[in-house]
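Heads up: the structure comes next, in structure tokens.
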Amino acid sequence: MHCPECGFANADGANYCQKCGAFLPEAAEKEGDTTEVYQVAESGELKPMDLEEVTGEGATLVIRSGGGRSGEAFPLGGERMTIGRSPEAEVFLDDVTVSRNHALLVRRRDGLYIDDLGSLNGTYVNRHRIESHKLQDGDELQVGKYKLTYLGQ
């Protein structure tokens with residue numbers, strides 16, 4: 001699939017251009033797609049969650065696609081949370097397209113922000129590469145090959 005912005009030949013099924021990060025409209029998700037939400041239990045098993053219950057506890061990130069982990073939810077508590085390939089990251093995304101210390105979620109006076117930490121592939125919010133961005137309910141984040149949705153309180 002060729003990028004409409006730069007012409008780069010991307011793999012079939014890609015949602016964003018690997019070279020410039022542009023959205024590939026042919027790969028847009030079909031209407032009616034739904035995502036089940038789950039969390040990984042301490043035993044490593046998937047624990048189904050009710051989306052309303054999860055978001056009722058506060059802001060949440062939900063993986064929409066990538067890495068075979070669609071539906072995994074990360075409640076966003078505390079002042080800072082790291083996103084990356086490092087096993088110590090609170091939002092652990094194990095793929096070579098994700099930097100070890102890729103991004104940081106940080107709570108500031110006026111809301112929750114995502115800051116890119118100088119990652120090689122960049123951090124995208126709503127298909128735009130960002131350095132820092134104040135998150136709004138429904139924002140789509142892309143970290144490497146992972147697409148996540150931010151669900152505010």
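Summary of values
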read-out: Heavy atoms of D116 accessible to a 1.4 Å probe, total area in Å² rounded to 10; value: 20
read-out: Cβ-based net charge around V125, under 14 Å, with every Lys or Arg adding one and every Asp or Glu removing one; value: -1
read-out: Local electrostatic count at L93 - Lys and Arg +1, Asp and Glu -1, tallied over other residues with Cβ under 9 Å; value: +1
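The values are calculated or read from the model by the stated rules, or taken from the named source; none is laboratory data. Everything numeric here is computed off the predicted structure, so don't read it as measured data. Here Cβ is always computed from backbone atoms with ideal geometry, including for glycine, and neighbour counts include all displayed protein chains. Ligands, DNA and RNA are excluded from the accessible area calculation, which covers all protein heavy atoms including side chains. Shrake-Rupley method; radii C 1.70, N 1.55, O 1.52, S 1.80 Å.
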